[in-house]
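Here's the structure, in structure tokens; my notes come after.
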Amino acid sequence: MAFGKPILPAKRFLAFDLLATLIAVIKDDGTLIFANAALEDALGSSRRTLEGLNFGAFFFEPHVLATAIEGARANDFATLRYEAQLRRASHEPMAVQVTLAMAERKGELVIEMTPLDQQVRADREERLLEQARANKELIRNLAHEIKNPLGGIRGAAQLLQMEVESRDLIEYTQVIIHEADRLQTLVDRLLAPHRRPHVVGDVNIHEVCERVRSVLMAEFPTGLTVERDFDPSIPEFRGDREQLIQATLNIAHNAAQALAERRAAGDAVITFKTRVVRQVIFNKQWYRLALELHVIDNGPGVQDTIKDRIFLPLVSGREGGTGLGLTLAQTFVQQHHGVIECESKPGRTDFKILIPLP
């Protein structure tokens, strides 16, 4: 009697190829029976080359994995986590967090390895999300608390101005009215992203960049070059075009202002760079495809004292700045389920916007 062919290990585990983390499936003697695409890339070897090898040999401390496997065989735990160094033939070692768990079939184990820099990034993104939620509530409550007495102050100053005859006193009331109006504008800007409805339509990210570029060139006509490094294969996606223009403009405008000295010297450069990234994780979600938009400048870099706080409201590295531009940019990008990251050193600051693609 003929039976169907047995399912090969690779066939059973192909779903692991969709994951961005490194996955190995091993027998309980340490023999590798499957490596996903991410692990192939990390090790620089094909799964055919890797299968059948002792997976412990790919770690600097193979005895730790051997001990973990023994514990799994003895049912000492369901899941075990530890940190290790992964050997790579033609690359630097990779620090990973290893998670070892029993597979569905007896005698098989699944090992998931998350690069520690990726783990650090995930932790940072989680802190940013929590920070953004707290900021949103704080801003909303604070703005409303300021707005009501502000209207009373302005109204009282107007009535007072009608009663006084001294030119000096009128000037004082005008100062009060002017400053009240300035604070009102600030409050309105704080509340703006929470008031305006999310208008969704088809967005071409390169049209967004071109719009921002034209605004920059109009405001800074000399000493600044705005370069394009576009990936023409990026598809359109659903989003709020005006919000994305504003978010990108806020980042680029900050960059242009930080480039004051280089603009004076005539060698200031801002670069818009677009790419598609595959199988990426951000905001604790896995995405098959995502847009990566970089706004890169050759300025002095973000001050170390505010690097960790640049997305907080009212934090600014520029004298006279409101500290709202990056806060609003982050809010608008988060409304597209995205995130903004920043890497900065003297001579190069790179703001990276990540947004999921369909």
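Computed from the coordinates by the stated procedures, all read-outs in this text should not be read as laboratory data. Model, not experiment: these values are computed from the prediction. Cβ atoms come from the backbone with ideal geometry, glycine included; neighbour counts cover every protein chain shown.
Assuming R0 = 30 Å, what is the FRET efficiency of Glu341 and Glu261, from their Cβ-Cβ distance, to the nearest 0.05?
Working: r = 26 Å, r/R0 = 0.85.
E between Glu341 and Glu261, to the nearest 0.05, is 0.75.
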Between Leu53 and Asp188, what FRET efficiency follows from the Cβ-Cβ distance if R0 is 51 Å, with the result rounded to 0.05? 0.20
For the pair Leu169 and Thr67, the simple spin-label estimate (label points 7 Å beyond Cα toward Cβ) gives in nm 8.4
Kirkwood Rh, angstrom, segment 201-356 [1 / mean 1/r, Cα pairs]: 15.8
Residue list for segment 271-293, given a label point 7 angstrom along the Cα-to-Cβ vector of Ser233 and an amide N cut-off under 11 Å: 276-278
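Could you tell me which of rounded, prolate or oblate describes segment 200-243, using a ≥ b ≥ c as the square roots of the eigenvalues of the alpha-carbon gyration tensor, with rounded for a/c under 1.5 and, failing that, prolate when a/b is larger than b/c and oblate otherwise? Could the numbers behind the result be given before it?
Details: a/c = 5.31, a/b = 1.75, b/c = 3.04.
Oblate.
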Across segment 17-118, what fraction of all alpha-carbon pairs, as a whole percent, falls in each successive 5 Å bin from zero upward? 2, 14, 26, 29, 19, 8, 2, 0
FRET efficiency for Trp286 and Asp76, Cβ-Cβ distance as r, R0 = 22 Å, nearest 0.05? 0.15
